[in-house]
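Before any comments, here is the structure.
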Amino acid sequence: VQLQASGGGLVQTGGSLRLSCAASGDISRIDTRGWYRQAPGKRRELVAYIISGGTNYADSVKGRFTISRDYAENTWYLQMTSLKPEDTAVYYCNARRAGVNYNHFGQGTLVTVSS
C-alpha cells in the first residue's frame, strides 16, 4: 500500500489546517487508519486513529483535532483547529491491521505553528 500525505504548512497559533492521506494499492487489509507526529528531538507519537467508525485521540489533541475518512476516495483526514506551537511536527499518516505485521507510514507532511 502507498500513502500520500498532504496539507501541511505554516499557520499561526489558533489557526487551522486539514491534513489528507490518500491510500492506493492493496488497501483491502487496512482496518486502522491514523496519524502520528514527530517533533524535533522527540519520539514519534500517535495522534489519532479511526477503526470501524470509532475514533481515538491523544489527550493532547482531544477537542481540537478530528479524524475522518472518505470511504469512496480511500482517503482520511485530520482536521486540526486551535493549533498551538507544541503541535509543530512532521505528521505521518498510517495504515495498519491489528494483530498482523501490516503497518505502513506515508512520507510525512510538516506542520509549523508560529507563536
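Which cross-chain or sequence-distant (5 or more) residues have an amide H under 5 Å from the amide H of residue 47, H modelled 1.01 Å from N in plane?
Amide H neighbours of residue 47, under 5 Å, 5+ apart: 35, 36, 37.
Counting heavy atoms of the protein chains only and a 1.4 Å probe, report the per residue accessible area for the chain as a whole number of Å².
53 Å²
Karplus couplings for segment 49-59 from phi (6.51 cos²θ - 1.76 cosθ + 1.60, θ = phi - 60°), rounded to Hz, Gly and Pro as x?
Result, rounded to whole Hz: 8, 10, 8, 6, x, x, 10, 8, 10, 5, 4.
How far apart, in nanometres, would the label points at residue 56 and residue 105 be if each is projected 7 angstrom from Cα along the Cα-to-Cβ direction?
In this crude label model, residue 56 to residue 105 measures out at 1.9 nm.
Per q in 0.12, 0.15, 0.19 Å⁻¹, report the Debye log10 I(q)/I(0) for the chain, using one uniform scatterer on each alpha carbon and no solvent.
Log10 of I(q)/I(0), two decimals: -0.38, -0.59, -0.94.
For every other residue with a beta carbon closer than 14 angstrom to the beta carbon of residue 56, add +1 if it is Lys or Arg and -1 if Asp or Glu, then tell me the sum.
+1
If I compute solvent accessible area with a 1.4 Å probe over the protein chains, what percent of it on the chain is carbon and sulfur?
Accessible surface attributable to carbon and sulfur in the chain totals 45 percent.
Test of the criteria: in segment 1-92, which GluC sites (Glu not before Pro) are in a DSSP loop and have at most 12 other Cβ atoms within 10 angstrom of their Cβ?
73
The values are calculated or read from the model by the stated rules, or taken from the named source; none is laboratory data. Small disclaimer: the values here were computed from a predicted structure and weren't measured. Cβ coordinates were reconstructed from backbone atoms using ideal geometry, including for glycine residues, and neighbour counts include every protein chain displayed. Note: areas computed on protein heavy atoms with side chains; ligands, DNA, RNA excluded. Shrake-Rupley method; radii C 1.70, N 1.55, O 1.52, S 1.80 Å.
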